[in-house]
Amino acid sequence: WNVVESLPPRHGAMVGASDVSARLTLSDVIYEKCEEGIARITINRPHRRNAFTPRTVQEIMCCLDDARDDKDVGVIVLRGSGDLAFCSGGDQGVRGSNGYVDSGEGVPRLNVLDLQIQIRRTPKPVVASVAGYAVGGGHILHMVCDLTIAADNAVFGQTGPKVGSFDAGYGCAAMARIVGQKRAREIWFLARLYSAEDALRMGLVNTVVPLAQLEEETAVWCREMLRNSPTALRFLKASLNAAEDGHAGLVQLGGEATRLFYGSAEGQEGRDAYNSHRAPDWSKFTRTP
Ligand code: S0N
């Protein structure tokens with residue numbers, strides 16, 4: 001694995017920094033890439049069971065931007081540091097009265113919602129590799145990933161109703177699509193914790209493996225996807241998200257179609273005709289039945 005230590009900040013915003021032209025040094029996550037084409041983002045706050053602050057979220061978003069733009073990356077893995085937790089959700093220690101506030105910045109944020117959307121829109125598979133707790137906002141993060149590989153020590157659930165929070169977006173909608181309405185209400189209303197086997201039965205995860213095999217099994221699934229057509233995977237991800245994501249989902253799917261059309265001779269005939277001040281000649285393109 002090659003470690004990436006800093007990245008360009010996102011949209012010029014950088015938590016805790018005044019010089020927006022500076023690079024963002026990754027402190028809350030470990031970002032690595034391997035030559036096989038896998039990018040790996042590890043939430044590195046084990047002392048808080050990998051709970052996220054706005055800065056953690058911003059760092060993950062920068063890593064996702066980079067992984068999306070890197071033509072050598074085909075699959076992205078999201079995981080937590082250590083064996084005890086994938087992610088325990090929002091860091092309650094920095095929760096203010098209208099969002100989470102990083103020291104040094106003072107701006108309340110719920111930017112994990114932006115991260116959820118970014119994971120959905122990233123046109124490459126994002127795989128959650130879950131050891132230990134995936135609870136609260138951490139549970140939602142694994143749900144919005146495309147696949148979840150769970151270790152047998154994984155524990156899943158929503159804690160929000162116990163700590164005075166809830167996620168009324170993907171946290172409800174995506175969950176209900178995955179496990180059904182009755183189960184989603186049970187998970188949210190009772191705020192119980194569920195074993196990896198329970199999660200597998202509910203369709204919340206794709207497979208459960210012994211903890212010692214989690215990293216290798218995650219790599220096996222990634223390698224299998226890397227052997228498949230990247231364009232097919234892009235379209236499939238956009239298509240599987242489209243109905244659930246409404247107009248935004250259609251924009252994503254439509255954008256993928258447009259990108260493909262731009263690469264075609266027919267699409268390029270329109271561009272070339274315009275640029276050379278002539279009428280386009282569509283006659284050479286079949287009107288496929
Ligand atoms: C994860 C749990 C079950 C692990 O228990 P365990 O193994 O017994 O460890 P602990 O001793 O409890 O924890 C070890 C240390 O880690 C700290 N810690 C753990 N989780 C958090 C956390 N989320 N925030 C801050 N600190 C955390 C412990 O305090 C302990 O530290 P020390 O040793 O110093 O005492 C267990 O830890 C647990 O239940 N954790 C809390 C889980 C939780 O309730 N998470 C928050 C749920 N809510 C969200 O995630 C909201 C997400 C969000 O951002 C959002 C999104 C959309 C809309 C709204 C919101 C919103 O927040 O409002």
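The table below gives the values:
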| quantity | calculated |
| --- | --- |
| Residue-normalised accessible area of region 71-182, given per residue in Å² at a 1.4 Å probe | 39 Å² |
| Amide proton proximity set for Val209, modelled H, under 5 Å, gap of 5+ | Ala150, Ala151, Asp152 |
| Value at 222 nm in deg cm²/dmol, rounded to 500, when DSSP H runs of n ≥ 4 in the chain each add -39,500 (n - 2.57) | -12500 deg cm²/dmol |
| Within the accessible area of the chain (1.4 Å probe), percent carbon and sulfur | 53 percent |
| Protection-proxy order for peptides 81-92, 270-281, each taking the mean of Cβ atoms within 10 Å per residue, highest first | 81-92, 270-281 |
| Cα-based equivalent ellipsoid of region 71-170: semi-axis lengths in Å, sorted from largest, via gyration tensor | 23, 18, 12 |
| Folded to 0 to 90 degrees: helix 112-121 orientation relative to the chain principal axis, Cα | 40 degrees |
| Fraction in percent of alpha-carbon pairs per bin - 5 Å, region 43-110 | 4, 17, 22, 20, 18, 12, 6, 2, 0 |
| Stokes-Einstein D (µm²/s) once Rh is taken as the Kirkwood radius of region 1-142 over alpha-carbon pairs, at 37 °C in 0.692 mPa s | 218 µm²/s |
| Estimated Rh, the chain: Kirkwood, alpha-carbon pairs, angstrom | 20.3 Å |
| Computed over region 154-231: relative contact order in percent, which uses C-alpha pairs under 8 Å that are six or more apart | 33 percent |
| Rounded tilt (10° steps) of 214-226 against the dominant C-alpha axis of the chain | 10 degrees |
| Size of region 128-274 as Cα extents on the principal axes (Å, biggest first) | 62, 34, 21 |
| Average accessible area per residue (Å²) across region 193-289 - probe 1.4 Å, nucleic acids and ligands excluded | 66 Å² |
| Using alpha-carbon coordinates, inclination of helix 170-179 to the longest axis of the chain, degrees | 90 degrees |
| Computed label-point distance, nm, for sites Ala273 and Phe235 using a 7 Å Cα→Cβ extension | 2.5 nm |
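The values are calculated or read from the model by the stated rules, or taken from the named source; none is laboratory data. What you are looking at is a predicted structure, and each value in this text was computed from that prediction instead of being measured. Ideal geometry is used to build each Cβ from the backbone, glycine not excepted, and the neighbour counts take in all protein chains shown. What goes into the accessible areas is simple: the full protein's heavy atoms, side chains included, and nothing from ligands, DNA or RNA. Shrake-Rupley method; radii C 1.70, N 1.55, O 1.52, S 1.80 Å.
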